[in-house]
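Note sheet for the following structure.
The values are calculated or read from the model by the stated rules, or taken from the named source; none is laboratory data. This structure is a prediction, so every number in the text was calculated from the model and none was measured. Here the Cβ is made from the backbone with ideal geometry for all residues, glycine too, and neighbour counts use every protein chain on show.
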């Protein structure tokens with residue numbers, strides 16, 4: 001890994017030096033400029049990027065860039081643990097986050113706390129909310145009351161905390177398999193734990209880092225600070241490094257994950273991020289929501305959004321209708337590679353799809369509800385008007401990846417036009 005820019009360690013003006021480790025691969029997303037701007041207002045916290053991206057020149061001074069590839073990170077993990085770890089998709093790195101303190105110990109040497117986080121956020125004043133007293137009294141700090149937050153959590157930089165993940169009986173399975181297990185949070189149990197259920201009593205697929213930390217906390221081995229400090233877009237104001245919202249007067253960050261999942265988002269083409277801006281439910285603006293300019297902008301954008309969404313969904317339905325009318329019920333054996341490998345179980349979060357072949361036709365079930373997939377050719381299938389979670393139609397494409405033992409199903413919804421990737425688990 002090559003250190004391209006930045007300093008190390010940072011935060012020497014305060015008693016606890018903090019580094020946030022962020023691997024990121026691909027292209028620079030639209031929301032990075034907002035993250036970058038908010039980092040500038042947290043100068044005594046370092047953000048260490050492990051990346052292959054060519055970042056813009058106006059990086060905050062406390063962003064440290066280490067150039068590397070997914071292959072190099074895979075090699076680091078393999079050498080550290082003595083078993084093969086092959087990371088083929090950047091998102092899989094989320095499962096490996098709890099081990100960052102151990103695997104990247106050379107990068108966080110000299111820091112008192114290290115953490116992991118996301119870049120689809122706008123940060124507020126971190127030090128005003130995570131105080132010296134909190135850091136003195138706790139070994140782990142997370143901005144969720146119910147689970148360890150993958151988008152921002154801190155860990156004391158010592159051997160005990162850096163090796164906590166090993167207490168999960170499943171960590172080796174999680175690290176080696178291509179399936180996404182949400183190990184850095186709570187194994188997709190957000191709804192249950194936020195609803196008040198005890199994560200240690202749930203029938204989870206694997207023991208996540210939240211399972212481990214809750215268990216260690218109850219036995220008195222560690223001290224954890226759990227506190228809700230996240231808000232989502234919707235009448236949120238960022239003003240010179242400080243966040244406020246109608247739901248939380250002083251949040252630590254505003255999470256853009258709801259914006260990135262929308263099919264229409266309006267982002268102004270600002271050359272320089274203003275000192276004050278408003279984060280609304282599907283757009284950003286420099287105008288206060290209740291001002292005359294803000295109300296006018298809201299009306300215009302709401303109309304544009306409605307028209308675009310309807311046209312996009314209509315186009316997708318027409319495409320599915322065409323596929324459905326001309327698809328074959330039977331699979332052409334010469335057209336589908338590795339046909340005998342298609343049957344099996346595939347998982348996306350907590351949803352499992354079962355696929356099987358009968359009479360040269362591909363069938364499936366979700367939660368014991370059967371459906372038939374019609375063959376479009378080239379290993380692609382379509383199923384029309386099947387109710388799946390919040391979806392009305394699902395198009396399933398069978399993909400094979402030479403780098404992993406399992407292959408995947410890609411499902412696209414018509415309602416939200418989102419793509420879901422299911423990994424074969426058996």
Worksheet entry | Those residues of the stretch 364-397 which are assigned to a strand (DSSP E or B) and either modelled with pLDDT under 70 or surrounded by fewer than 16 Cβ atoms within 10 Å (Cβ to Cβ) (or both), in sequence order | 365, 369, 370, 372, 377, 388, 391, 394, 395, 396, 397
Item to complete: Go through the residues of the stretch 291-307 one by one and say whether even a single one is loosely packed, with under 13 Cβ neighbours inside 10 Å and within 29 Å of residue 57 (Cα to Cα).
Response: no
Worksheet item: If we keep just the residues of the stretch 161-176 that are within 20 Å of the chain's Cα centre (by Cα) and buried (at least 19 other Cβ atoms within 10 Å of the Cβ), which is farthest from residue 85 (Cα to Cα)?
Response: 165
Practice prompt. Can you give me the number of residues within the stretch 25-62 that are crowded, with 19+ Cβ neighbours inside 10 Å, over 19 Å from residue 254 (Cβ atoms) and touching a helix residue (DSSP H, G or I) at 6+ places or on another chain (Cβ under 8 Å)?
Written response: 3
Worksheet item: How many of the residues in the stretch 251-265 are surrounded by 14 or more Cβ atoms within 10 Å (Cβ to Cβ) and either part of a loop (DSSP other than H, G, I, E, B) or modelled with pLDDT of 95 or more (or both)?
Response: 10
